[in-house]
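Below is one structure, written out as C-alpha cells; comments come after it.
Derivation of every value follows stated rules applied to the coordinates shown; laboratory data play no part. Remember, predicted model here, so these are calculated numbers, not experimental data. Note: ideal-geometry Cβ built from the backbone for every residue, glycine included; neighbour counts use all protein chains shown.
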Amino acid sequence: MEKLMEPIRTLVDLKRGIVDPDRVTERKAYDMQGMYQDELALKKLVSKDNPLIYQVSGVNIPEETGHIIYSTTIISPGKVGNEYFMSKGHFHVKEDTAEIYLCLEGEGYLLMQTRKGRVSTIHMKPGILGYIPPYWGHRTINTGNKEFAFLTFSPGDAGHNYEVIQKCGFAKIMLEEDGRAVLKDNPKYTPLDSQIG
Ligand code: S6P
Ligand code: ZN
C-alpha cells in the first residue's frame with residue numbers, strides 16, 4: 001500500500017517568504033562564472049568579497065508527479081559591471097511543466113525564453129504574479145536597489161535543466177544605462193535548434 005504523506009504547515013513572511021525553511025541554497029559570485037558579460041568585473045567581485053547573489057529557501061517536498069514544490073528566492077541588489085544581479089536561469093527537465101512566481105518585495109524582471117529564442121518579460125513588484133507557461137526557460141533579475149524576493153510554485157517532477165542556459169545564454173540581457181534598466185540583445189547568445197516555440 002502507498003504511504004500517505006502528512007500535510008505540511010508553512011509560515012510565510014509576506015515580505016521575505018518562507019520562514020524557517022528546510023533547506024537554503026546560496027549562489028555567490030563564484031557560482032555565477034560564465035553567466036555575465038563582463039567576466040573581469042565578476043572575477044574582481046569574487047576576489048574582493050565573493051558576495052551573495054541570491055538564495056533559494058525551500059521546504060522538503062517529494063520531487064514527484066502530483067506534488068507542488070514551493071520556495072522563496074531572494075536576489076541581492078547589485079551589478080556585475082553594468083549587468084544586474086540575476087539567477088542562473090533554467091528550463092525544466094520536464095519541459096511541459098509551468099511555474100508561478102509571486103513577487104513579495106523589491107522589484108525586478110522575470111525574463112523568459114523559448115528554446116528558439118523568443119523572449120518575454122514581466123516586470124515584477126510586490127503583488128505581481130508571473131505565470132511561466134510550459135516550455136519557457138526562466139531567469140529573474142533584480143533591477144531595484146533592495147532585495148528582490150518572490151515565492152515560486154512548480155510541479156514536483158519539473159526538475160532543473162541548467163545546461164541549455166549555461167551553453168547558450170539568454171537572447172537578452174538586462175543592463176543599467178543612465179540609471180535605468182534596459183533590455184539589450186546578448187552579444188554572447190548562441191541559439192539552439194529546436195522544434196518547440
Ligand atoms: C524552480 C524555480 C526557482 C529557481 C530559483 C533560482 O523551478 O524556478 O525556485 O530555482 O529562483 O533560480 P535558478 O535558475 O538558479 O534555479
Ligand atoms: Zn523553474
*Only one of these conditions is not met by ILE122: (1) within 10 Å of ligand 1 (Cβ to nearest atom); (2) touching a Leu at 6+ places or on another chain (Cβ under 6 Å). Which number is it?*
(1)
*How about the range 98-137: which of its residues are surrounded by fewer than 15 Cβ atoms within 10 Å (Cβ to Cβ) and under 19 Å from ILE165 (Cβ atoms)?*
LYS116, ARG118, PRO133, PRO134
*Can you name every residue in the range 130-147 that is away from ligand 2 (no atom under 14 Å from the Cβ) and either over 11 Å from the mean Cα position of the chain (by Cα) or small (Gly, Ala, Ser) (or both)?*
THR143, GLY144, ASN145, LYS146, GLU147
